[in-house]
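Throughout, read-outs are computed from the coordinates displayed, never taken from laboratory work. Since the structure is predicted, the reported quantities are computational estimates derived from the model, not experimental observations. Glycine also receives a Cβ, built like all others from the backbone with ideal geometry; neighbour counts cover every protein chain displayed.
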Amino acid sequence: MFTTYAGLVLSVIFWGLSFVATKIALETIPVFTLIFGRFLLGFFFFGLVSLKVGFPRFTSGDHRLFLLTAFFEPGLYYIFETKGLLYTSAPNVSLIIATIPLVVLVLAAFILNEKVKRTSIMGIFISLIGIWFLITGVPDFSWDLKGALKGDLLIFGAVLSASAYIICAHHLGKKYSSLEITTMQTLYGTVFFTLPFLWEFPKVQWSMISGHSLGALLYLTIFATIAAYWFYNHALTKIPAARAAVFINGIPLVTAAGAWFLLGESLTPLQAFGGMLVLIAVFINSLPDLKAVD
């Protein structure tokens, strides 16, 4: 179990820092070009690994489920999140995204017949409180409700997409390895964003792409795509989906810490307290497996 939870922690760190890397990459690389590039490079990596270990034989039904998994994430998730950010504030986005574990808990209970444990419910609500402090602890915090409803609905679409991805990947994990799941996810993710990339292609100013943006793209490919999805999909093959979902609420904590350390943004005592609550929530949620190890 140690490797499973270590992988989850690394996934959260890589995804949390990816917001900083994305901000840098988008300075000179358009949105769909960036997403297409990171998943195409990711598939090249997994394709080479699969050539060495051998490609499994998938049924047509499995291919449909792989396609559905990638359709939800990276497909719909990235579109909803990107578009939602245009209409609503970052605090709204963070708070709505933080409901993913709650949605997964419900879906896992009804679709996967997973038992809902009190530790999971407690961990989710403590993490939500922690995220509230992380967001509202910013010195110049304020709510901007102008035109936010459309953006909030789009972000909730991202929540549903991410939750559906977790359920699909967990179901696939009963039959296939995390390597096989992530390979197909990057393949179909690349296919999904091919048309948006081709539409955006004529507008890309290739000569203007900076070295910093290329470095950020490299980080997003190696760590936020290859490693993070591989580790997270591995966890989904080992532990209940609802338990793995709680770790997602650690992402805002990593993002805040990364922005403080790398971009010089402020981190207030109230935010630090919120981050501590998130860590406590993750620990509470991991207690069943920690006891099993003991």
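Equivalent-ellipsoid semi-axes for the range 1-132 (Cα gyration tensor, √(5λ), whole Å, largest first): 27, 24, 16.
In whole Å, how far is the Cα centre of the range 107-124 from that of the range 1-53? Centre-to-centre distance over Cα atoms comes out at 28 Å. Of all lysines in the structure, those lying under 25 Å Cα to Cα from LYS83, and not within fewer than 8 positions of it along the same chain, are LYS23, LYS146, LYS150, LYS203. Restricting the GluC sites (Glu not before Pro) of the range 179-273 to loop positions (DSSP other than H, G, I, E, B) with no more than 15 neighbouring Cβ atoms within 10 Å leaves GLU265. Here LYS238 is the anchor, and the lysines within straight C-alpha reach of less than 28 Å, apart from those fewer than 8 places off in the same chain, are LYS52, LYS115, LYS117, LYS174, LYS175, LYS291.
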